[in-house]
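Novice: After the structure tokens below, expect a handful of questions from me.
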Amino acid sequence: MTFTPSTALEELMKQHASLREMMDRCDELADEVDRTNEPPVQLTREVARLRIAFDSHNRFEEQLLRPVLLAQDAFGAVRIEQMVASHVEEHHSIGTRLHSWVTEELRAVIASLRAHLDAEERYFLSSRVLRDDVI
């Protein structure tokens with residue numbers, strides 16, 4: 001499927017909403033583990049589900065963003081390459097830390113993932129950047 005900037009924005013925002021729901025569930029399960037001191041079986045499953053979804057989202061986003069941003073030519077090729085490279089590195093950093101079910105560590109990773117999604121939406125995933133009408 002070929003994505004226009006606006007359809008790319010719509011799809012990526014849907015994926016972000018889904019990731020946030022998974023993070024909320026992980027937070028709830030971490031609270032439950034802390035409260036009950038039970039083995040984190042369900043939390044471990046949910047963290048694995050979040051990690052898989054995050055990895056899938058990143059692959060999709062990384063394949064999609066560069067050509068869409070270059071087509072917009074709003075920033076210039078060199079700047080886009082630097083932005084995307086930095087963004088991919090941040091994905092890798094978060095992804096490598098998203099393996100813990102220790103609640104304190106997990107909460108820190110989820111907080112950084114939330115901040116990452118917020119930054120993506122501020123700098124990449126906005127109608128100011130991804131727009132169908134090229135200026």
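Novice: Among the residues of region 18-58 satisfying the criterion of being touching a Lys or Arg at 6+ places or on another chain (Cβ under 8 Å) and not aliphatic (A, V, I, L, M), which is farthest from residue 95 (Cα to Cα)?
Specialist: Across region 18-58, the extreme among qualifying residues is 27.
Novice: From the list 29, 9, which one is in a helix (DSSP H, G or I), in contact (Cβ under 8 Å) with a residue 40 or more places away in the chain and surrounded by 19 or more Cβ atoms within 10 Å (Cβ to Cβ)?
Specialist: Values: 29 fails: in contact (Cβ under 8 Å) with a residue 40 or more places away in the chain.
Exactly one residue qualifies, and that residue is 9.
Novice: Same structure again: Quick one: which of 78, 109, 102 is modelled with pLDDT under 65 and among the β-branched types (Val, Ile, Thr)?
Specialist: Working: 109 fails: modelled with pLDDT under 65; 102 fails: modelled with pLDDT under 65.
Answer to the selection: 78.
Novice: Filter region 32-43 for residues that are in a helix (DSSP H, G or I) and either of a type in the set (D, E, K, R) or open to solvent by less than 40 Å² (accessible area, probe 1.4 Å) (or both); which is farthest from residue 111 (Cα to Cα)?
Specialist: 35
The values are calculated or read from the model by the stated rules, or taken from the named source; none is laboratory data. What you see is a predicted model, and the numbers here were worked out from it, not measured in a lab. Cβ atoms come from the backbone with ideal geometry, glycine included; neighbour counts cover every protein chain shown. We work out accessible area using only protein heavy atoms, side chains counted, and drop any ligands, DNA or RNA first. Shrake-Rupley method; radii C 1.70, N 1.55, O 1.52, S 1.80 Å.
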